[in-house]
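The values are calculated or read from the model by the stated rules, or taken from the named source; none is laboratory data. Predicted model only: the values in this text are computed from it and were never measured. Neighbour counts run over all protein chains shown; Cβ positions are idealised from the backbone, glycine included. Keep in mind that these areas ignore ligands, DNA and RNA; they rest on the heavy atoms of the full protein, side chains included. Shrake-Rupley method; radii C 1.70, N 1.55, O 1.52, S 1.80 Å.
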Amino acid sequence: MIVVDWSGKATRSPRKDSKDAIWIGVADVEGDWQPKYCRTRAEAFEWVGERLSDGGRQLVGFDFPMGYPLGFARRLTATDDARRLHGWLADQVVDDPSNANNRFEVAAEVNRLIGGTGVFWGYPKARPRPHLSSHKTPDYTAVGIAEKRRVERENPPAKPVWQLLGAGSVGSQALLGIPVVHRLAAATGASVWPFELPRALTLAEVYPSLLARSVSLSGDPIPDRAQVRLLSRALYRLARAERLAPLFATPPEAAEEGWILGAGHAALLAEALTWA
């Protein structure tokens, strides 16, 4: 089991282990590996790709939304196919090896294509730009696209996918992460759940905050590091006990919106951490 805590930073993370960077946790038959610290998304892509090339059965969880509310994909691709949307975003997003990227430009262009107030928001106030506001201005009812996916409505405090900047925002992570998932799937033949059925190699969305209490009790000064270590351990123990299947049950909306692996099963994940 591999769990990746993602980052939407526009610069390299510090050389010294830090929070709000990319951390990768691994748990397998050899036990818990020391979490891997990555300074850039390119480094993380390479590391995960090499790990997947080893073959076998592997589940990789990424801590960012892999889908958007119903109707969004159709507005950009003329289909409800989330994987088609992934490809569209992969064609638009430029993310270089130093973490410099064009996420704000892509978001602004999406808002222009959507029309009205758009859907994305969050941009440095000192650098105003057309079609993208520094504060929350979208009228989701008027635009006809929901602010939250079903999984976010049912699992607070999971955040909406539209906010690009500010505390707790996940919009930038998704815009910069979905192209990585798309390319990993293309390179390795992995499925992207829940848009596709799980296979030997499966990529999925996770939410380490489901284990918030366990992370707090860990005492680790870098919560991101504790999150990936504990969630990868919990998922591996559930798989070993053949109790992972319930986490893959999803409502109909998940086929387009995506879903958090483990949503609704926080207690089971925490319980798994107590197993030998």
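Note that region 101-219 presents 44 Å² accessible area per residue, ligands and nucleic acids not counted, probe 1.4 Å.
Coupling constants for region 22-37 follow from the phi torsions by the Karplus curve (6.51 cos²θ - 1.76 cosθ + 1.60, θ = phi - 60°), and in residue order they are 8, 10, 10, x, 9, 9, 8, 4, 8, x, 8, 7, 5, x, 8, 9 Hz; glycine and proline get x. Can you give me the angle between helix 103-114 and the longest principal axis of the chain, using Cα atoms only, in degrees from 0 to 90, rounded to the nearest 10? Helix 103-114 sits roughly 60 degrees off the main axis of the chain. Using only Cα atoms and rounding to the nearest 10 degrees, what angle (0 to 90) does helix 82-92 make with the longest principal axis of the chain? Taking Cα atoms only, the helix is inclined about 70 degrees. Packing, as the average of other Cβ atoms within 10 Å across residues, places the peptides 218-226, 206-214 in the order 206-214, 218-226, highest first. Here are some pairs, Lys19/Lys159; Lys9/Lys159; Lys9/Lys125; Lys136/Lys159; Lys36/Lys125; Lys125/Lys159; which of them have Cα atoms lying more than 24 Å apart in this structure? With Cα atoms farther than 24 Å apart: Lys36/Lys125. Shape analysis of region 164-210 places it in the oblate category; the axes a ≥ b ≥ c from the Cα gyration tensor give an a/c of at least 1.5, with a/b not above b/c. Each peptide in 187-193, 158-164, 46-52 receives the mean, over its residues, of other Cβ atoms within 10 Å, and ordering these scores from highest gives 158-164, 187-193, 46-52. First check a/c for region 1-58, with a ≥ b ≥ c the square roots of the eigenvalues of its C-alpha gyration tensor; if it is under 1.5, answer rounded, and if not, answer prolate when a/b is larger than b/c or oblate otherwise. Taking the square roots of the gyration eigenvalues as a ≥ b ≥ c, region 1-58 is prolate. Could you tell me what percent of the accessible area of region 99-147 is made up of carbon and sulfur, with a 1.4 Å probe and every protein chain present? Roughly 53 percent of what the probe reaches on region 99-147 is carbon or sulfur. For Arg129 and Arg199, the FRET efficiency from 1/(1 + (r/R0)^6), where r spans their Cβ atoms and R0 equals 45 Å, is about 0.65. In this rough spin-label picture, where each label sits 7 Å from Cα along the Cβ direction, the Ala10-Ala78 distance is 3.4 nm. The relative contact order of region 1-151 comes to 19 percent, based on Cα pairs under 8 Å that sit 6 or more residues apart. Quick check: the angle from helix 171-188's long axis to the longest principal axis of the chain, C-alpha only, nearest 10 degrees? Taking the Cα atoms of the chain, the angle to 171-188 is about 60 degrees.
Using only the heavy atoms of the protein chains and a 1.4 Å probe, how would His135, His265 rank by accessible area, largest first?
Descending accessible area places them as His135, His265.
Summarising the strand pairing of the chain, around 50 percent of its internal DSSP beta bridges are antiparallel. Largest accessible area first, the listed residues Lys9, Lys125, Lys136 line up as Lys125, Lys136, Lys9 when surface is computed with a 1.4 Å probe on the assembled protein chains.
Using 0.36 nm per residue and subtracting the Cα-Cα separation, the extra length available between Ala186 and Arg112 on full extension is 23.7 nm.
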